[in-house]
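Reviewing the structure listed below.
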Amino acid sequence: MDPDFNPWDEFVRHAKTIGHLEEEEVKGDIAPKVETGRRLAAARKAVLAEDANWADLVKKGISASKFPLIFQIDQAKFKSWINESPNAALRALRAIWTRDYPSVSERIRAFCRLFHQDVLQTPGSRTNVVSVLLMGLDAERYPPFKTRAFKKAYERTGYDSPEQNADEAALYDHALGFLDRFMEQASKRGLTLRHRLDAQSMVWLSHYDKFWNLPRQQEDGPPAPPDSDMVPSDLLTLATELHLTAEFLRGIQSLLYEKRQVIFQGPPGTGKTYVAQELAERLAGSKERVTLVQLHPSYAYEDFVQGYRPTLKDGRPGFELRNGPLLRAAKRAQSEPDADHFLVIDEINRGNLAKVFGELYFLLEYRDREMRLQYSDEPFFLPNNLYVIGTMNTADRSIALVDLALRRRFYFVEFHPDDEPIKGVLRRWLKEKAPDMDWVAGVVEQANKQLKEDRHAAIGPSYFMKAGLDDEAVDRIWKHSVLPYIEERLFAEREGLDEFALDKLRGAGDGAETQQSDENEGGGAQ
């Protein structure tokens, strides 16, 4: 075997090919599964409330998909079991759909203890049914499982198979681990999978020989840009408006769908807050589904989550329990489960996070668990359709207050002026809005080169992304905004500040730009 051969290369290549097909099975694979998840979510609510129609909703839910997620014979056996043993079925369904267990594995084992093995004979069949029921919690996070499809995927990628005597929980946990690895490997090879359901769809389709044995696509020349077919049109439009790349925004979207919490980190002026709000609004589809809050040193749990506030009752002073922005956003998301809601936390590292977040440290990680809040006896959980975007200024020395416990609960996205796509934002904006001021981009790039020993001191593009930008405006911004910032980063070393005079940087920037232009022209003539 070729020592450089990596089976993931071939597997991801096939996934890319399948994703571009127009067959009904490919284009219509995700939507029916999402619809099944919605139907089962309604069935779950009925089961937990013990509504009279719970059995009908469950049976309709598991058979809702256009392409059966459970084998027809197994569907029939499961429905018969519900009809014949409704009390046992109700207890089993409550076990898998309640929030009393800290992990999915425990839910599955609790269900299987109550689900008689003589109904379905094999662990694989029972795991198939279990996985479809879990879609009632979150179809994107808990996609359906079929033994044969995952077995082929394990073989084709060299991924370890589950242990021979693995139970239903172990089989499903192993499959979820594979999907997470698949998403990681696909991302490295230019394929964005938004969530486990996307990855499962590729696994499901690729196990059919008619899709796996497709002719190899021509791979000479540059690959097709991900902005063409892999990115929704609304993100393409937003990327153009923000002068970013659609690939960058799609990557953030994928991180949100996977973890539900991300933090944009970088020096000031890199557009973190603006991008967070615009992206949240675009993904939510409405400003009303986006809640913005900014943390500061005096911000407390009572401000953010819930607390007692002074009020007048019948003309007498007193206190009443009021919800903070976190609870208000969560309540709105719970009331509209089919829509995505966003909580944008600006300057997240400026608050005392352990004090502000309280029980959220747990709830951010375990979205399927309930807890009682500090000031309330009612159980509370963070809904899966509430996403959190934080922004963090890495030039702020209070960054040290962000502890590892919180970092583990968020994905981090770097916004840095030395790295694309942030690096090219100012030049792209100037080209469109103020082409005569293109020299400003060279000045900023030159200043950042001189600040390279302190990466977090870099100057962001948004200082100069102002309407009506001209030489006078640049001089004013540089003198009264940029230079004081640089002086603070240099710890008031006035001698070093002379190197950042605007005229001096402009000369150096023009020279570097001319040299780069000459090199590009020379390269093109060869």
Check your understanding: Can you pull out the helices (runs of 4 or more DSSP H) entirely within region 35-148 that have at least 2 residues that are of a type in the set (Lys, Arg) and surrounded by fewer than 20 Cβ atoms within 10 Å (Cβ to Cβ)?
Key -> 54-62, 72-84, 86-97, 104-114
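Yes or no, residue by residue, for (1) of a type in the set (Gly, Ala, Ser); (2) surrounded by 11 or more Cβ atoms within 10 Å (Cβ to Cβ); (3) modelled with pLDDT under 70:
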| residue | (1), (2), (3) |
| --- | --- |
| 439 | no, yes, no |
| 459 | no, yes, no |
| 481 | yes, yes, no |
| 488 | no, yes, no |
| 491 | no, no, yes |
| 498 | no, no, no |
Exercise for review: Go through region 185-199 and count every residue that is crowded, with 20+ Cβ neighbours inside 10 Å and among the charged types (D, E, K, R).
Suggested key: 2
Revision key, fill the gap. Residue 449 fails exactly one of (1) more than 26 Å from the chain's Cα centre (by Cα); (2) surrounded by 16 or more Cβ atoms within 10 Å (Cβ to Cβ), namely (2)
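Where in region 316-406 are the strands (runs of 3 or more DSSP E), entirely inside, with at least 2 residues that are out of contact with any helix residue (DSSP H, G or I) (no Cβ under 8 Å at 6 or more places or on another chain) and over 22 Å from residue 294 (Cα atoms)?
Per the criteria, 316-323.
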Study note, to complete from the structure: Considering region 274-294, residues that are touching a residue at least 60 places away in the same chain (Cβ under 8 Å) and surrounded by 21 or more Cβ atoms within 10 Å (Cβ to Cβ), and then whichever is nearest to residue 199 (Cα to Cα), we arrive at 283
Revision key, fill the gap. When residue 132 is run through (1) of a type in the set (A, V, I, L, M); (2) out of contact with any helix residue (DSSP H, G or I) (no Cβ under 6 Å at 6 or more places or on another chain); (3) modelled with pLDDT of 95 or more, the failure sits at (2)
Review point. Looking only at region 282-315, which residues are outside any helix (DSSP H, G or I) and basic (Lys, Arg)?
Key: 309, 313
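The values are calculated or read from the model by the stated rules, or taken from the named source; none is laboratory data. Keep in mind that what you see is a predicted model, and the values were worked out from it rather than measured. Neighbour counts run over all protein chains shown; Cβ positions are idealised from the backbone, glycine included.
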